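Quick notes on the structure that follows.
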Amino acid sequence: MKHSKSLALIAAGLVAGIVLGSVGLAAAAPASTTTPAPQTTGVLSACIGMGQAIRGAGARLIDVLADLTGLSTTDIQAKRAAGESIADIAKSEGVDPDDVVAKALEARKALLDQKVADGTITQEQADAAYAQMQERLTERVTTTATGRPSWAGQGQGLGGGRGAGRGGNGAGFCGGCQGVSAAQ
C-alpha cells in the first residue's frame, strides 16, 4: 500500500509540473499571432522577398538578355566571367542595353503590382522598390563585376545562406537587406 501511495504522489507531482509548465509557456507566448501590416516607410527595410520571384519570372538581366539575343544564360554567364558587361554583350549581339533594362523593369513592375494586389506590400513600397530597381539595374547593366552586388545583402536569413527558410537566397527577411536584389 505504501508503494502505491508513493507512485500516486509521484504521478500527481508530474501532472502538476506539466500543467504549471504549460501555463508558464502560454504566459510567455506572444499575445497575438496575426500577421503585422506591411511597413509603409523606408525603402523596404523588412525586404519583400523579390529575389526568387525575379528569377522565376525570368526578370534577371541575363534572362532578359538571353531572350533578346538567343544566347543561353550559360553563354552569357561565361562572357560575364570573362569580363564583359551585360551592355557589352547586348551591343555585340545588336541589342540596345536600354532595351534589356526596360524589359527587366517591365517584368519586375508586374511582380510588384501583384504584391500590391495581394496586400503583401503597399503601393508606396512598390514605388520605392521600383525606383531602386531602376537605379540599380541601370548601374548593373554596365558593370563588369560578377557575383552578388554589395547592396544585395548577405542572405543570412533563417536559412543562413543555404537556401532554407526565408532569406536563404538573399531575399526575404535577411538582416543585411536594404531592398530588393537579384539584379543580374
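Side notes on the structure shown:
- Hz values of 3J(HN,Hα) by residue in the range 68-85 - Karplus curve (6.51, -1.76, 1.60), Gly and Pro given as x: 6, 10, x, 6, 7, 5, 5, 4, 5, 4, 5, 5, 5, 5, 7, x, 8, 8
- A simple charge model with +1 on the Cβ of Lys and Arg, -1 on the Cβ of Asp and Glu and nothing else charged puts the dipole of the range 48-131 at about 260 debye relative to its Cα centre.
Every read-out reported here was derived from the displayed coordinates using simple, explicitly stated rules and does not represent laboratory data. Treat the numbers as computed from the prediction; the structure is a model and nothing was measured. Positions of Cβ are generated from backbone atoms using ideal geometry, with glycine treated the same way; all protein chains shown enter the neighbour counts.
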